[in-house]
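Comments concern the structure below.
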Amino acid sequence: MDKKNDVVLCGTFIHATNTESAVILNDKCIGVKDGKIEFIDDISLVEKNLKQHNMEGTKIIKMTERQFMIPGFIDTHIHAPQYPNAGKGLDKGLLEWLETYTFPVESKFKDLKYAASAYRKAVNRVLCNGTTTACYYATIDTDATLLLCDIINDLGQRALVGKVNMNINSPDYYVEASVEESINETRRYIEAVKSRKYTTIQPIITPRFAIACCKTLMKKLGDLAEEHNLPIQTHLCETKDEVSFVNKLFPDYDSYADVYDKTGLLTEKTVLAHCVHLTQPEIDLIKNRKCGVSHCPNSNLSLRSGLLDARNLLQQDIKMGLGTDVSGGYHPSILDAMRVTLHVSNTQSLLKQNGYTPLNMKEAFSLATLGGAKVLSMEDVLGNFEVGKYFDALLIDPCSEHSVLDIFDDDIANDCFEKFMFTGDDRNISRIFIGGKEVHNPVDVFSVQSTC
Ligand code: GUN
Ligand code: FE
């Protein structure tokens, strides 16, 4: 095994556990061997641990007083080819927005030169914002999707990447010709990803949504996911108009979620984006199938899709993570997703009034890290600092050179954490580790950005 990425980090670590949304671990050391956490102990015992774990001579990084480390953010729902549109075209509701802005930009990615440049900018920006794992939609184009995988691999991010399937109710210039073509291309995609032997990337089956895929296609995609034991991602109950359209297209089904269930798309490895307008039977169904929900609050507000009652789903033990849903959401950062999660939850509490407990900042942090790992069925290896998990982590520096965050009070760790959550940004994310490997520093970012 290559030891050059082995490292020991000493200082303050903050993470979510299954029982607490944010635990502050002061004066600790974490040893990282072969990309995974080998030990966590008190800082005073670092030498003993190095000896015990056969890691003498390993590079040691000591955090300064106000620095701390958190697990890398997990974006459970993002459309890489929509990044060129991030921050524009938010004047229409979902279905009109797809036709007017989204399908046109996605169709551009069949041009591999355009795709290479736009995808590199997108992945780089997502990574700079501290997303160490992302669950991406690409486009219907297989070769461009493989190019996206190569770029993610090159930049060192962990990702699930889906070639999008859509064969009906889509524009002539952006649609797959038949079920056969859609399935054959998906098979070609899966085989190509497997043959490239990436260490941090896996394919995910990606029927866009029930409006754009016929029943036969959805069934065959469900079979394909089962055959290859792959995760699945799709959109569910994002807007009321979308739900009505699905009910019209599939009159013989109990509900929108039932369409996915009857076509074999609801598994314990399914990521369902939005889920704003679920009925109680649909909540029961996705809970029984152990699906995860990607909460995309920026998108839900920007496209005026609705206000998800995240507290209600969490109380019913639905797995939940956060998604930026670029470019329905205009911001590529999970910090933004956490903040908007809290605004939406506060709004719920104002609307419901009696006894409603909105989510707090620590709960949002838990959703952004451990929650995301659960939704992506990766909680055994990701989401917090536990021995045996990959070391995917961010070094946060509240006092970095261009920081816009000022610290005043005495409870240093807690104040720095809260202030970063609400007022920090990518300028405070000083170092990024994925599988123990440092993947990005400002110099690299500058060289990529300068190609604009
Ligand atoms: N539903 C189907 N496609 C999309 C998409 O690209 N973005 C969002 N937000 N919802 C969708
Ligand atoms: Fe989406």
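For the reader, a short list of remarks on this structure follows.
- Enumeration of residues in the stretch 264-283 that are of a type in the set (S, T, N, Q) and either on the phi > 0 side of the Ramachandran plot or within 16 Å of ligand 2 (Cβ to nearest atom) (or both): Thr270
- For the stretch 319-343, the set of residues classified as within 16 Å of ligand 1 (Cβ to nearest atom), surrounded by fewer than 22 Cβ atoms within 10 Å (Cβ to Cβ) and in a helix (DSSP H, G or I) consists of Asp336 only.
- Taking the criterion of being modelled with pLDDT under 95 and either within 19 Å of the chain's Cα centre (by Cα) or aliphatic (A, V, I, L, M) (or both), the residues of the stretch 394-438 that qualify are Val404, Leu405, Ile407, Ile412, Ala413.
Rundown of residues vs (1) within 19 Å of Met218 (Cβ to Cβ); (2) within 14 Å of ligand 1 (Cβ to nearest atom); (3) of a type outside the set (A, V, I, L, M, F, W, C), yes/no style:
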residue	(1), (2), (3)
Asp252	yes, no, yes
Asp258	yes, no, yes
Leu266	yes, no, no
Val276	no, yes, no
Pro297	no, yes, yes
Leu301	no, yes, no
Arg304	no, yes, yes
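- From the options Ala116, Ala159, Ala138, residue that is more than 24 Å from Leu370 (Cα to Cα), small (Gly, Ala, Ser) and crowded, with 21+ Cβ neighbours inside 10 Å: Ala138
- Of the criteria (1) within 16 Å of ligand 2 (Cβ to nearest atom); (2) without any contact (Cβ under 8 Å) to a residue 24 or more places away in the chain, which one Val246 fails: (2)
- A Cβ distance below 6 Å, combined with a sequence gap of six or more or placement on separate chains, defines the contacts here; from the stretch 32-54, residues that are in a helix (DSSP H, G or I) reach residues that are loosely packed, with under 14 Cβ neighbours inside 10 Å and at pLDDT 95 or above in the pairs Ile43/Asp27; Leu50/Glu56.
- Among (1) outside any strand (DSSP E or B); (2) of a type outside the set (Val, Ile, Thr); (3) touching a residue at least 60 places away in the same chain (Cβ under 8 Å); (4) touching a Lys or Arg at 6+ places or on another chain (Cβ under 7 Å) - the single one Phe13 does not satisfy: (1)
- The listed residue being without any contact (Cβ under 8 Å) to a residue 40 or more places away in the chain, small (Gly, Ala, Ser) and touching a strand residue (DSSP E or B) at 6+ places or on another chain (Cβ under 8 Å), out of Ser377, Ser400: Ser400
- Restricting the stretch 321-345 to residues that are more than 16 Å from Val276 (Cα to Cα) and polar (S, T, N, Q), the residue that is nearest to the chain's Cα centre (by Cα): Ser333
- Checking the stretch 284-301 against the condition returns no match, with no residue being within 14 Å of ligand 2 (Cβ to nearest atom) and farther than 22 Å from Glu363 by Cβ.
- Residues (within 27 Å of Glu379 (Cα to Cα), more than 12 Å from ligand 1 (Cβ to nearest atom) and assigned to a strand (DSSP E or B)) located in the stretch 61-108: Ile61, Phe68, Met69, Ile70, Pro71, Phe73, Ile74, Asp75, Thr76
The values are calculated or read from the model by the stated rules, or taken from the named source; none is laboratory data. On a predicted model such as this, the values are computed, not experimentally measured, just so you know. FYI the Cβ positions are ideal-geometry reconstructions off the backbone, even for glycines, and counts take in every protein chain you see.
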